[in-house]
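First comes the structure, then the notes that go with it.
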Amino acid sequence: MRKVFTASGLVAVSLLSIMPFYVLIMMSTQVTEDIFKGKMFSPGNYAFENLATVLNSNFFNSFLNSVFVSVTSTILCVLICTMTGYSLAKYNYKYKALFYAFIVGTMMVPTQIGLIGYIMEMRFFQLNNTLIPLILIWIANPFGVFWMVQYIKTAVPQDIIESARIDGCNELRIFIQIILPIVKPAMVTLSLVIFLWSWNNYLLPLVMINKEELFTIPLSIQSLGNYYRTDYGARMMGLLIAIIPLIILFIFGSKNFIRGLTAGAVKE
């Protein structure tokens, strides 16, 4: 009986999780008027029209912009956070605790508060209306540093590092050949999270980008329609296309993602 209740609960939770995707798919096949009539649970006849609206817009160029920004942000963020996390977890130097406390403390500051200063800084360096500010904001990521510190403390024994030093390995070789393979699950987990955050970022591009050729996917989807009518069916189709890369990434990275979460949750 217990197994029946457990299975029934899992099925119910799974259906609730899948329901938003089902509604999104149904709404992407309908015209705006039918969506507001409450016909969102049945398929419509406007799928190809909505797809044509999306493809005839600047969506493909925005897709490439989002790919460039998200991939570059993810690579730089994971590399810098891993190096910083390794330094804070395995090296002893003056003011290390203060430095780490400052990084963790910045996680408590709402993003919107720091956004104003960041925008002013980017405009001072004349980087507004470029994709560079959308990348730089992810490089110094306090969550990434905190995540890597906790994982490296747990997953990387100090004895391995000391043995490598005794064998004559320099610090760079230790980091590349020993540390990186061990922390691969944490790097994959952080990569998926940062890619997701960068891919879905809407507020920063909205205030930094005015040129249509530099739009990312959220801005491109928001601009679908005209001055007199918002095409919600086309927007849903754009959202459906936009989540495909995320689904593919999570399918191929789910194993390491779960390993990273479970290993990072264990304390010494």
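Numbers at a glance
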item: Selection count, region 193-218, where residues are touching a residue at least 40 places away in the same chain (Cβ under 8 Å) and farther than 29 Å from Ser254 by Cβ; result: 9
item: Any hit, region 94-105, residues being modelled with pLDDT of 85 or more, among the aromatic types (Phe, Trp, Tyr) and either in contact with a Cys (Cβ under 6 Å, 6 or more places away or on another chain) or surrounded by fewer than 11 Cβ atoms within 10 Å (Cβ to Cβ) (or both); result: yes
item: Boolean, Ile139 is of a type in the set (A, V, I, L, M), open to solvent by less than 40 Å² (accessible area, probe 1.4 Å) and closer than 30 Å to Lys211 by Cα; result: yes
item: Any hit, region 59-67, residues being surrounded by 14 or more Cβ atoms within 10 Å (Cβ to Cβ), out of contact with any Pro (no Cβ under 9 Å at 6 or more places or on another chain), at pLDDT below 90 and under 22 Å from Leu219 (Cα atoms); result: yes
item: Residue satisfying condition, being free of Cβ contacts under 8 Å to residues at least 24 places away in the same chain and within 15 Å of Arg235 (Cβ to Cβ), within set Val4, Val23, Val11, Val31; result: Val23
item: Single residue of region 1-36 satisfying the filter (open to solvent by 30 Å² or more (accessible area, probe 1.4 Å) and among the hydroxyl-bearing types (Ser, Thr, Tyr)) that is nearest to Ala47 (Cα to Cα); result: Tyr22
item: Total residues in region 111-168, condition free of Cβ contacts under 8 Å to residues at least 40 places away in the same chain and of a type in the set (Lys, Arg); result: 2
item: Candidates Thr53, Thr74, filtered to the one that is closer than 29 Å to Ser191 by Cα, hydroxyl-bearing (Ser, Thr, Tyr) and open to solvent by less than 70 Å² (accessible area, probe 1.4 Å); result: Thr74
item: Among the candidates Met108, Met120, Met83, residue that is part of a helix (DSSP H, G or I) and either surrounded by fewer than 13 Cβ atoms within 10 Å (Cβ to Cβ) or among the hydroxyl-bearing types (Ser, Thr, Tyr) (or both); result: Met120
item: Options Ser42, Ser8: the member that is farther than 21 Å from Leu224 by Cα, polar (S, T, N, Q) and modelled with pLDDT under 85; result: Ser42
item: Criterion (of a type outside the set (D, E, K, R) and modelled with pLDDT under 80) met by exactly one of Met27, Met19, Met1; result: Met1
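The values are calculated or read from the model by the stated rules, or taken from the named source; none is laboratory data. Everything numeric in this text was worked out from a predicted model, so none of it was measured. Cβ: placed from backbone, ideal geometry, glycine included. Neighbour counts: every protein chain shown. Calculation scope for accessible area: heavy atoms of the full protein, side chains included, ligands and nucleic acids excluded. Shrake-Rupley method; radii C 1.70, N 1.55, O 1.52, S 1.80 Å.
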